[in-house]
Amino acid sequence: MQPAIPHVPLWIDLAAVAVGGMQGGAFPTTARDDRNDFDLLAVAVFALVVGLGGGIVRDVLLGQVPAALRDDTYLGVALAAGLVGMLAGELIPRLGWAWDALDAAVVGLFVVVGALKTQNTHLSDGATILLGAITGVGGSVIRDVLAQQPVHLVQRSTPYGLVAILGAVAFVLLERAGAGDTVSSLACLVVVFAVRMIALHRGWQSSAPVIGRFRPPSPRR
Amino acid sequence: MQPAIPHVPLWIDLAAVAVGGMQGGAFPTTARDDRNDFDLLAVAVFALVVGLGGGIVRDVLLGQVPAALRDDTYLGVALAAGLVGMLAGELIPRLGWAWDALDAAVVGLFVVVGALKTQNTHLSDGATILLGAITGVGGSVIRDVLAQQPVHLVQRSTPYGLVAILGAVAFVLLERAGAGDTVSSLACLVVVFAVRMIALHRGWQSSAPVIGRFRPPSPRR
Amino acid sequence: MQPAIPHVPLWIDLAAVAVGGMQGGAFPTTARDDRNDFDLLAVAVFALVVGLGGGIVRDVLLGQVPAALRDDTYLGVALAAGLVGMLAGELIPRLGWAWDALDAAVVGLFVVVGALKTQNTHLSDGATILLGAITGVGGSVIRDVLAQQPVHLVQRSTPYGLVAILGAVAFVLLERAGAGDTVSSLACLVVVFAVRMIALHRGWQSSAPVIGRFRPPSPRR
C-alpha cells in the first residue's frame, strides 16, 4: 500500500509537531474575534491542524497514508502540546525573540522533514521544494482557512513562505552537489532559521506584486 | 491500488449519505447572506459536500479511492436527497426535535461507518477515533469553509464534534474489550445519539478554552 | 505505486495549466481588498492553485501522485505563466471577449483532461463527470477559499460550473455511444466553449434554488 517509510529520525518530526501543536493550542484564545467564539475542542482541532496539517497534506500528495495515522505518537504529542499551548498561551507574548526563534526553528524542521520524505519517494527536485515548503507552512494555511482570517502565507509581512522555499532550495542544491542528507538538512535548517531571524530583526517586508509596465502599486495606507 | 473494500453494510453508509445530502440541499436557501447569493448548482454542491465530504476525506486519508467514486449509487443518493432537501427545506424548522433526532442519528451512523472502515485497514486506535470523528463532522466543516461562515465544529455551542469523538472512543473501547463489530457499532450509535439529544435538551454548551493560570475567560457578551 | 499514466497528450494539459497560471498570477493584484494585502509570493501561490489545483485534487481522488509532482514541467509552466499574468494583468480587462473566449477554452481543456484521466482508471461514469468538472473548476474554488471571497462556483452568475458538468456529460455520452476519445474530447470542448460563450453573450444567469411548494424566492435586491 504505502512505500517504505522514509528514514527521517522520528524525534525531528515529533519536535516540530510539538511546537506546532503548542502554537495551535494557543491559537483559539488569541484569535477569538467577532465571528469566532472558539470552544475547548478548538484547542484540540488547531493543535492537530498546526502540528500535523502540513505533514498530512504532504503524505497524501505523496500517495502515503499519513504518518500521523500510522503511529499514535503523533496524535498524542500534538494534543498534549496543544494543552500546554492553551495553558501557557498568556506567556507567549512575553517570550519575545525566544518565541520567534522557536517558531523559526520549527518551520525549518518541518521543511527538512518534508524535503527528506519527498526525496525518499524519488520524485523530482521541484516536488521536493514544493512539498518541503508545504510541510513548513501548510498547517498555518489550514488554520487561517478554518478561522476565516486572511491567509498569512500570501499577505505582505515578514517573509515566511519565501523562507521555507529558500530552505528547501538549499536542501535540493546541496543534495545535487552530493552533500548527503545530514549536511543538506542542516543547511536547510540554518537557511530557514537565519533568514527568518534576520528578516524579523531588520523588519523586512515581502514586496507587493509587480504590476503592468513595472510600476509598483501605490501603498494602500 | 486500494485495499479490500471494507465490509460495512452499504445501506448504513447510504442512509447517512441521504440525510446528509438533504441537509446540504436545504443549506443554500437557509444560509443565504449578504455575501452569498447561492444558485441552483449550490444545492448539488452542498448536497455532495455534506453527504459525501466526510467520507471522501476519510477514504483519501486511508489511501483509498473514495467509495463515492467507485459506486455511482453514492452520487445518485446524495443528489436526489439534495433535491428533496431543497424542496422540503421550509418544513425543516417545523420538524423540531424530530429533525434534531434525525441529525444526531446521522452523525452517529457516519461515525460508525468511519470507525469500521478505518479499523478494517488495521491502523491504530487513535486513527480509528480521528477518522470516525472526521467522517461524522468533516462534511459540515467543508460546508462552512465554502460558505465562509464560522466553522461550527470549533465554536461554543451544543457539543457536536465532542459527541462524535465520544462515540468513536466507545467503539474503540468495546472493540478492544472483544465486543465484536455489531455491538461496538451499536454502542457508538447510542452514545452519539443519546449524548447529543441530552445536550440539546439540557442546553449544554461546550466550554471556552482554559487560559493561563486556569482563569476562565470572561464572557464575551 | 501509481497506475499507468493515462494517455492524455501533455500539451493539452500544459496549455490549460498555462492559461490557468496566468489567471492566477493576475489574481493578487485584482483581488486586493480591505482584508488581503497580497504579496509577491501570492502570485506564485495563486498561479499554482489556479493552474494546478483542480488537477491535483483530481489525481489525489484517483489515488495517484499528482502529475504536477511527477514532472517539473507543470510547476515551471504554471509559475512562468503566473509571472506573465502578473505583468500583463492590466491588459486583461482590455482583452474583452478574447479573454472570455480564452477562459472558456481553458475550462473546456481542463474538463477534457479530467474526464480522460478518470476514464483511464476505469471508474464509473458518475466519477468521470464529477472529476471532469472538478478539474475544470476546482482551482477557482481553492483560490476563492484562500482569498476568502464568496466561492464563485456556487453564486448566481453566468453559468460556470454547470457548463463544466455539461461538457463532461457530453464526453461520457459520446464515449458510451462508442465515439472514441478524440471525438468525445472535441465534443466536450465544443460544448463547454459554446455554452459558456452563449451564456456570456446573452447574459444568462444561473437560477436560484427552488424552495418549498415550488415558489421561486423573491429577488434579493
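The separation of the range A:109-134 from the range B:160-216, counted between C-alpha centres, amounts to 38 Å. Near C:GLN155, the amide H atoms lying under 5 Å from its own belong to B:ASP39; only residues 5 or more places off or on other chains count, and H is placed 1.01 Å from N.
From the P(r) of the range C:89-207, can you give the percent of Cα pairs sitting at distances over 24 Å? Please report the intermediate quantities before stating the final value.
Working: 1874 of 7021 pairs.
Cα-Cα pairs in the range C:89-207 separated by more than 24 Å: 27 percent.
Note down the net charge around B:GLY85, summing +1 for each Lys or Arg and -1 for each Asp or Glu among other residues with Cβ under 14 Å from its Cβ.
On the way: positive: B:ARG143; negative: B:GLU90, B:ASP103.
Once all neighbours under 14 Å are counted, the net charge is -1.
How big is the Rg/Rh ratio for the range B:10-202, C-alpha atoms only, Rh by Kirkwood, two decimals? Rg divided by Rh gives 0.96. A straight chain from A:LEU10 to A:LEU102 at 0.36 nm per residue would run longer than the Cα-Cα distance by 31.2 nm.
In a reduced charge model with +1 at each Lys and Arg Cβ and -1 at each Asp and Glu Cβ, chain B shows a dipole moment near 920 debye about its Cα centre.
So how many Å³ per residue does the convex hull of the Cα atoms of the protein assembly as shown work out to? Present the calculation step by step, with values, prior to reporting the outcome.
Values: hull volume 110.4 nm³, N = 663.
Enclosed volume per residue, from the Cα hull, is 167 Å³.
In the neighborhood of A:GLY20, defined by Cβ-to-Cβ distances under 11 Å, what is the net charge if each Lys or Arg adds +1 and each Asp or Glu adds -1? Here the charged neighbours net out to -1. Buried accessible surface for the A/B pair, both sides summed and rounded to the nearest 100, is 3000 Å² with a 1.4 Å probe. Within the shell of other residues whose beta carbon sits under 11 angstrom from the beta carbon of A:GLN64, the net charge comes to +2, with Lys and Arg scored +1 and Asp and Glu -1.
The values are calculated or read from the model by the stated rules, or taken from the named source; none is laboratory data. Computed from a predicted structure; not experimentally measured. FYI the Cβ positions are ideal-geometry reconstructions off the backbone, even for glycines, and counts take in every protein chain you see. Accessible surface areas use protein heavy atoms only, side chains included; no ligands, DNA or RNA. Shrake-Rupley method; radii C 1.70, N 1.55, O 1.52, S 1.80 Å.
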